[in-house]
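Notes follow the structure.
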Amino acid sequence: MKKNILLVYPEFPSTYWGMEHALKFVNKKAPMPPLGLLTVAALLPSDYEIRLVDLNVRSLKDEDILRADMVFLSAMIVQQESFKKVVKACNRLGKPAAAGGPYATSCYESIEGVSHFIIGEGENTIPEFITDFEQGTPAAIYRSGEKPDITATPIPRYDLIDVNDYSTLVLQYSRGCPYSCEFCDVIELFGRKPRLKSVEQFLKELECVYETDYRGPIFLVDDNFIGHKNEVLQLLRSIREWQKSKSFPFTFLTSTSINLAAETEILDLMAACGFYMAFIGIETPDNNTLKSINKKQNVNHDLYESIKIIQRKGLEVTAGFIIGFDTDTEDIFDRQISFIQEAGIPMAMIGLMVALPGTQLIRRLEKEGRMLTESGGNNTTMFALNFIPAMDKDKIVTGYKKVLRTIYSPQMYFE
């Protein structure tokens, strides 16, 4: 039964994620398209009329909603204010809203106005939802305890976007991360056993992006690109040959763990494929803190030297840092500044600690009676903590601002 589905991706606030100021330099509207919704679109019946509105690219009009039989939303927690506005518009116009993705999965019990929740990964739940939807009996919540086999995941619907709107396109090879960092929600959402697409499947997706005439960077959005090292070697060898056959139309960036530095063959192949950047969760230069948050992969490596090894292979290291750990002492602000500066990390994502839903951290803080509010997902510009920290909150916020002000001052940055 043919249906009209509107997919809506909410707007990012002014944070690290939106990058609206940097986009002006490259004349693009948004950093990346919503890969989750493009994949959902591919899971829907082929006879459905499907449209996508990315609110980071264009505005949503009432007529967009009125044309739809149902509106699908997916969002990160940090997009929740825009998400709520879209849901209110759907309610006002009498159109049902279905929601999935990280925000809906983590916070569905506190979200109002949504008719249907698709919790977790959609490959296992969307087919059941569509069957009920077509029969006129959709339930309020759909979820599956199974992690889907992503070798069956269809190619995302890149035809629904204008690739010229984005500075970077996106692909995914794996889901999940083998580590168990206390503050991280990735392992809660996607599990600790990475699941992989086949090499042939990934190359088909790469070919699909190539056929859009897009040329430029592609972000592999894996939670940890080297979660399965032997399989990654096979993938990289295939990407290298594909790139050669097409005269290197793309460059690549991805997220990985610091132990990439010990994988010489993987590093060499990444460079040969055209990888130019790796995002790594450094978090802190303090070993005691790394042990306390169960970030064992960082404890077992010399962070500074590992970064230099990766840089010497031609990959820029961008990195995440967190301020507000229980074990932070008052010298942590200067130590973070020194480490970032000496390691030469020009794009450092420095955030205040936020206790995210479903994490080991929030479970511990709830037991200790230290939780204050739900997370807004914004750990860069709100200057607020959603829990009672060990260090005085004002000292944390003041020190955090000092770190940002210092490392991004022109002289320090260009050094």
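Just need a number here: residues in the stretch 293-320 that are touching an Asp or Glu at 6+ places or on another chain (Cβ under 9 Å) and either β-branched (V, I, T) or in contact (Cβ under 8 Å) with a residue 40 or more places away in the chain (or both).
Residues flagged as touching an Asp or Glu at 6+ places or on another chain (Cβ under 9 Å) and either β-branched (V, I, T) or in contact (Cβ under 8 Å) with a residue 40 or more places away in the chain (or both) within the stretch 293-320 amount to 8.
This table checks each residue for (1) within 25 Å of G216 (Cβ to Cβ); (2) open to solvent by less than 60 Å² (accessible area, probe 1.4 Å).
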site: F25; (1), (2): yes, no
site: L38; (1), (2): yes, yes
site: A42; (1), (2): yes, yes
site: I65; (1), (2): no, yes
site: D69; (1), (2): no, no
site: A97; (1), (2): no, yes
site: E112; (1), (2): no, no
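Which residue pairs have Cβ atoms closer than 6 Å, lie 6 or more positions apart in sequence or on different chains, and pair a first residue in the stretch 125-144 that is open to solvent by 60 Å² or more (accessible area, probe 1.4 Å) with a second residue that is of a type in the set (G, A, S)?
Once the first residue is open to solvent by 60 Å² or more (accessible area, probe 1.4 Å) and sits in the stretch 125-144, its partners that are of a type in the set (G, A, S) give R143/G120.
May I ask you to list pairs of residues, at least six apart or on different chains, whose Cβ atoms are under 7 Å apart, with the first in the stretch 189-207 being basic (K, R) and the second being assigned to a helix (DSSP H, G or I)?
Cβ pairs passing all conditions: R195/I150; K197/I150; K197/T151.
Can you confirm whether S46 is under 24 Å from G94 (Cβ atoms) and of a type outside the set (D, E)?
Details: under 24 Å from G94 (Cβ atoms): no; of a type outside the set (D, E): yes.
Here the answer is no, as S46 does not meet what is asked.
Can we say G351 is open to solvent by less than 40 Å² (accessible area, probe 1.4 Å), within 23 Å of S106 (Cβ to Cβ) and either modelled with pLDDT of 95 or more or part of a loop (DSSP other than H, G, I, E, B) (or both)? Step through it out loud before you land on a result.
Details: open to solvent by less than 40 Å² (accessible area, probe 1.4 Å): yes; within 23 Å of S106 (Cβ to Cβ): yes; either modelled with pLDDT of 95 or more or part of a loop (DSSP other than H, G, I, E, B) (or both): no.
Against the criterion (open to solvent by less than 40 Å² (accessible area, probe 1.4 Å), within 23 Å of S106 (Cβ to Cβ) and either modelled with pLDDT of 95 or more or part of a loop (DSSP other than H, G, I, E, B) (or both)), G351 does not qualify.
For the stretch 207-230, give me the residue count where each residue is surrounded by fewer than 20 Cβ atoms within 10 Å (Cβ to Cβ) and more than 19 Å from N259 (Cα to Cα).
Qualifying residue count, the stretch 207-230: 10.
Can you name every residue in the stretch 170-188 that is of a type in the set (A, V, I, L, M, F, W, C), open to solvent by 30 Å² or more (accessible area, probe 1.4 Å) and not in a loop (DSSP other than H, G, I, E, B)?
V186
For the stretch 221-255, what are the residues that are among the small types (G, A, S) and within 23 Å of N298 (Cα to Cα)?
Here is the first cut: in the stretch 221-255, the ones among the small types (G, A, S) are 227, 238, 245, 247, 255.
If the condition is that a residue be among the small types (G, A, S) and within 23 Å of N298 (Cα to Cα), then G227, S255 are the ones that fit.
Scan the stretch 315-325 and give yes if some residue there is closer than 14 Å to E182 by Cβ and not aromatic (F, W, Y), otherwise no.
Initial filter on the stretch 315-325 (closer than 14 Å to E182 by Cβ): 322, 324-325.
If we keep only those that are not aromatic (F, W, Y) as well, we get 322, 324.
Yes.
For the condition within 18 Å of L315 (Cα to Cα), in contact with a helix residue (DSSP H, G or I) (Cβ under 7 Å, 6 or more places away or on another chain) and open to solvent by 10 Å² or more (accessible area, probe 1.4 Å), what is the one hit in L253, L233, L260, L267?
Working: L253 fails: in contact with a helix residue (DSSP H, G or I) (Cβ under 7 Å, 6 or more places away or on another chain); L260 fails: open to solvent by 10 Å² or more (accessible area, probe 1.4 Å); L267 fails: open to solvent by 10 Å² or more (accessible area, probe 1.4 Å).
None of the others qualify; the one that does is L233.
Mind counting the residues in the stretch 129-169 that are in contact with a Lys or Arg (Cβ under 8 Å, 6 or more places away or on another chain), assigned to a loop (DSSP other than H, G, I, E, B) and among the charged types (D, E, K, R)?
2
Grab the helices (runs of 4 or more DSSP H) fully contained in the stretch 57-121, keeping just those with 1 or more residues being in contact with a Lys or Arg (Cβ under 8 Å, 6 or more places away or on another chain) and of a type outside the set (D, E).
On the way: elements: 62-66, 80-93, 101-107.
Once the helices (runs of 4 or more DSSP H) in the stretch 57-121 are filtered for at least 1 residues that are in contact with a Lys or Arg (Cβ under 8 Å, 6 or more places away or on another chain) and of a type outside the set (D, E), what remains is 62-66.
Condition check: on the phi > 0 side of the Ramachandran plot and surrounded by fewer than 16 Cβ atoms within 10 Å (Cβ to Cβ). Does G324 satisfy that?
Details: on the phi > 0 side of the Ramachandran plot: yes; surrounded by fewer than 16 Cβ atoms within 10 Å (Cβ to Cβ): no.
Considered against the rule, which asks whether it is on the phi > 0 side of the Ramachandran plot and surrounded by fewer than 16 Cβ atoms within 10 Å (Cβ to Cβ), G324 comes out as no.
Is it the case, given these coordinates, that E49 is over 27 Å from V163 (Cβ atoms), touching a residue at least 40 places away in the same chain (Cβ under 8 Å) and open to solvent by 20 Å² or more (accessible area, probe 1.4 Å)?
Answer is no for this residue.
Starting from the stretch 393-410, keep only residues that are under 13 Å from F321 (Cβ atoms) and in contact (Cβ under 8 Å) with a residue 24 or more places away in the chain, then list their pairs with residues that are part of a helix (DSSP H, G or I) and open to solvent by 90 Å² or more (accessible area, probe 1.4 Å) whose Cβ atoms are within a distance under 8 Å, requiring at least 6 positions of separation or different chains.
I407/Y413
The values are calculated or read from the model by the stated rules, or taken from the named source; none is laboratory data. None of the values given here were measured: they were computed from a predicted structure. Glycine gets a Cβ as well: all are built from the backbone with ideal geometry, and neighbour counts include every protein chain shown. Heads up: the accessible areas ignore ligands, DNA and RNA and are worked out on the full protein's heavy atoms, side chains in. Shrake-Rupley method; radii C 1.70, N 1.55, O 1.52, S 1.80 Å.
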